[in-house]
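Heads up: the structure comes next, in structure tokens.
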Amino acid sequence: MLKDKLHNIFKEEYIKLDLKCNNWEEAIRGTGNILLENMLVTNEYIEETVNSVRKLGAYIVIDKGIAMPHASDYKGVKINGIAISRLENPIEFGSKNNDPVNYIFMIASKNMESHIEMLSKLSDLLINKNFINTIRNAQNRNEIIEYIDLNS
């Protein structure tokens, strides 16, 4: 079901290269603004995501340099999608083992089923280090979308 709609979840306009931010909160808000500007979420979702990290800590930093922020409930999500940010400068999130963060994958899902499916698809991409290398070296957003299209 979701596989047929990957082109709707990963779009060029959901990617920001060299996002400028000074701390983890700005990084999450900046990535969330990608979703907001593309009308996938409301500001409520971004605030819930920030509050979740405040309460629970840096659990969203899932691997060296990679954060996957999301809110614990689905309020404020209009359309499923994943925003990708490459940060201009690495940011400390408070993860002893995986800081600093260079890449943010912010998931917006309308329900648990789509959340799990998107996590699974994103995990499949992240397992291959070539995906992060593609993001690291991309000159434009289309290079990332081409990688996803070829490897999905």
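Quick look at the numbers
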read-out: Debye, to nearest 20: dipole size of the chain, +1 on Lys, Arg Cβ, -1 on Asp, Glu Cβ; value: 160
read-out: With eigenvalues of the C-alpha gyration tensor scaled by 5 and rooted, region 1-116, Å; value: 21, 15, 13
read-out: Farthest toward positive dipole pole in region 58-108 [+1 Lys/Arg, -1 Asp/Glu at C-beta], among Val61, Ile84, Asn97; value: Ile84
read-out: Share, in percent, of DSSP beta bridges within region 1-131 that are antiparallel, nearest 5; value: 60
read-out: Note, ³J(HN,Hα) from phi for region 18-35, Karplus 6.51, -1.76, 1.60, rounded to Hz, x at Gly and Pro; value: 6, 5, 8, 7, 10, 7, 4, 5, 5, 5, 5, 4, x, 5, x, 5, 4, 5
read-out: 5 Å binning of all Cα-Cα separations within region 46-110, expressed as whole percents from 0 upward; value: 4, 19, 27, 25, 16, 7, 1
read-out: Projected-area mean, region 77-152, by convex hull of Cα positions, square nanometres; value: 6.0
read-out: Relative contact order for the chain, counting Cα pairs under 8 Å that sit 6 or more residues apart, in percent; value: 27
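Laboratory data are not the source of any read-out in this text; all were calculated from the coordinates shown. Here the structure is a predicted model, which is why all the values come from computation and not from measurement. Here Cβ is always computed from backbone atoms with ideal geometry, including for glycine, and neighbour counts include all displayed protein chains.
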